[in-house]
Amino acid sequence: MIKMIHSYWAYIVLIVLIFAVINAFMGLNSKREFKAKDLRISLFTLIASHIQLIIGLVAYYTSSFYDTLRAAGMGEVMKNSDLRKILVEHPLVGIIAITLITIGFSKHKKKNTDTAKFKTIAVFYTIALLLILSRIPWSQWFSN
């Protein structure tokens, strides 16, 4: 159940993250004012990604994969590319990506110009998006 919620919530995170990245680049290219709408888009992305992290951590520690990790040990997990991706790479890269979203949101608030705000969101959120896309277990996603 929790794995299913984690998978479905990931669609929401991807949609809002892509939307936030596009919005930031459009604002940057058009040199428009950073308005409350832009702040809300960035903030909603931050909140959605943090919810995904919490759901993911619960899914991680309650999954049968975690039992495999405890039984086999980290050495065996690191030798198996499928297990390594699910038990190490996916959660670690996800945490890094959400940290980048958090840093980007925090840093943009300290910027004095609209261009700098859009640029900060664009850079941090784009890197986070690329990291997330790189570690989604696509084969499991599409088999559900």
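Throughout, read-outs are computed from the coordinates displayed, never taken from laboratory work. Here the structure is a predicted model, which is why all the values come from computation and not from measurement. Positions of Cβ are backbone-derived with ideal geometry, glycine not excepted, and every protein chain shown enters the neighbour counts.
Quick notes on this one:
- Residue within the range 4-24 that is more than 14 Å from A128 (Cβ to Cβ), out of contact with any helix residue (DSSP H, G or I) (no Cβ under 8 Å at 6 or more places or on another chain) and not in a helix (DSSP H, G or I) present: no
- In the condition set (1) more than 12 Å from the chain's Cα centre (by Cα); (2) surrounded by fewer than 20 Cβ atoms within 10 Å (Cβ to Cβ), L28 is compliant with all but (2).
- The helices (runs of 4 or more DSSP H) found entirely in the range 86-144 that carry 2 or more residues being touching an Asp or Glu at 6+ places or on another chain (Cβ under 9 Å), within 23 Å of L43 (Cβ to Cβ) and touching a residue at least 12 places away in the same chain (Cβ under 8 Å) are 114-135.
- So L69, is it aliphatic (A, V, I, L, M), under 22 Å from L129 (Cα atoms) and assigned to a helix (DSSP H, G or I): no
- All of (1) free of Cβ contacts under 8 Å to residues at least 40 places away in the same chain; (2) β-branched (V, I, T); (3) closer than 21 Å to L14 by Cα hold for T68 with one exception: (3).
- L53 being within 16 Å of I136 (Cβ to Cβ) and either part of a helix (DSSP H, G or I) or touching a helix residue (DSSP H, G or I) at 6+ places or on another chain (Cβ under 9 Å) (or both): yes
- Residue count for the range 25-43, restricted to those that are under 16 Å from A97 (Cβ atoms) and out of contact with any His (no Cβ under 9 Å at 6 or more places or on another chain): 0
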